[in-house]
Amino acid sequence: RKEVEQDPGPFNVPEGATVAFNCTYSNSASQSFFWYRQDCRKEPKLLMSVYSSGNEDGRFTAQLNRASQYISLLIRDSKLSDSATYLCVVWGSGNTGKLIFGQGTTLQVKP
Amino acid sequence: DTGVSQDPRHKITKRGQNVTFRCDPISEHNRLYWYRQTLGQGPEFLTYFQNEAQLEKSRLLSDRFSAERPKGSFSTLEIQRTEQGDSAMYLCASSFSGTGFGEKLFFGSGTQLSVL
């Protein structure tokens, strides 16, 4: 089983739609969680951190469910510019500095 | 430009040759990471440094791979006797960490390696 699993998609949605991505992680001791965005042929960039209480940044909402080891990202009112791959990222536990990336979920927003 | 820079951007080599990549992190960052990414996959952890110390290395990394960060600033990643399976994008990232992990990583644009 992969340490971080995502549905690779692609998700094809019209502009203005609401779309949700899910991610599961295997290490119950994981402590930090993030969503990164990667545009085609570009490097990943941090989109937002994910906090236990859930957090929102404009049209983006991230939620964490530790009991189910599940992270989600909700994008409301999708824009064409949201088209990208969204990477779920988990920091493990203990002394490791390793951040583990999921496979990524590809979103294509169409006019 | 004060971001993470990687050199070269592209490298084409023949199987069996050695290659070396360089990464210059953001100057005040004490942590430096190497990741590898293939098409359709997320970045895969290779190794990371805190200052000049290499603190963790992936079990997936064969003995053909070696990384250094001699003065705690720039880093090099060398692949010896390259194989076609080494073809990938090699990403470097840096961060500043105070007391914890999971801090924001800043990635370079990567080095695309093609092994013929």
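The values are calculated or read from the model by the stated rules, or taken from the named source; none is laboratory data. None of the values given here were measured: they were computed from a predicted structure. In this analysis, Cβ positions are derived from the backbone assuming ideal geometry, glycine residues included, and neighbour counts consider all displayed protein chains.
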- Mind listing whichever residues of the range A:8-26 are within 13 Å of chain B (Cβ to nearest Cβ) and not in a strand (DSSP E or B)? A:PRO8, A:GLY9, A:PRO10
- Message: If A:GLN63 satisfies all but one of (1) within 12 Å of chain B (Cβ to nearest Cβ); (2) part of a strand (DSSP E or B); (3) not hydrophobic (A, V, I, L, M, F, W, C), what's the number of the condition it fails?
- Response: (1)
- Query: What about A:THR24, is it at pLDDT 95 or above and under 23 Å from B:LEU60 (Cα atoms)?
  - Reply: yes
- In this structure, is B:PHE65 surrounded by 15 or more Cβ atoms within 10 Å (Cβ to Cβ), within 12 Å of the chain's Cα centre (by Cα) and within 16 Å of B:ASN18 (Cβ to Cβ)? yes
- Message: Just the residues that are in contact with a strand residue (DSSP E or B) (Cβ under 7 Å, 6 or more places away or on another chain) and either surrounded by fewer than 19 Cβ atoms within 10 Å (Cβ to Cβ) or more than 24 Å from B:LEU39 (Cβ to Cβ) (or both), please, taken from the range B:68-86.
- Response: B:GLU68, B:ARG69, B:PHE74, B:SER75, B:THR76, B:GLU78, B:GLU83, B:GLN84
- Output the strands (runs of 3 or more DSSP E) that fall wholly within chain B and possess 1 or more residues being more than 30 Å from A:GLY9 (Cβ to Cβ), or say none. B:5-7, B:10-13, B:19-24, B:31-37, B:44-50, B:53-57, B:65-68, B:75-79
- Message: Just to be sure I understand the filter: pairs with C-beta atoms under 6 Å, separated by 6 or more residues or on different chains, first member in the range B:68-87 and at positive phi, second member of a type in the set (Asp, Glu). Which pairs pass?
- Response: B:GLY72/B:GLU52
- Quick one: is A:SER72 touching a strand residue (DSSP E or B) at 6+ places or on another chain (Cβ under 8 Å), outside any strand (DSSP E or B) and over 23 Å from B:VAL4 (Cβ atoms)? no
- Item | the range A:32-60, residues that are under 29 Å from B:CYS92 (Cβ atoms), at pLDDT 95 or above and more than 14 Å from every other protein chain (Cβ to nearest Cβ) | A:PHE60
- Note on the structure: Scanning the range A:34-48 for residues that are touching a residue at least 40 places away in the same chain (Cβ under 8 Å), outside any strand (DSSP E or B) and surrounded by fewer than 20 Cβ atoms within 10 Å (Cβ to Cβ), the one nearest to the chain's Cα centre (by Cα) turns out to be A:ASP39
- Query: Got a number for residues in the range B:47-79 being closer than 17 Å to A:LYS2 by Cβ and either touching a Ser or Thr at 6+ places or on another chain (Cβ under 8 Å) or among the basic types (Lys, Arg) (or both)?
  - Reply: 2
- Number of the condition not met by B:LYS57 [criteria: (1) touching a Phe, Trp or Tyr at 6+ places or on another chain (Cβ under 7 Å); (2) closer than 24 Å to A:SER32 by Cα; (3) free of Cβ contacts under 8 Å to residues at least 40 places away in the same chain]: (1)
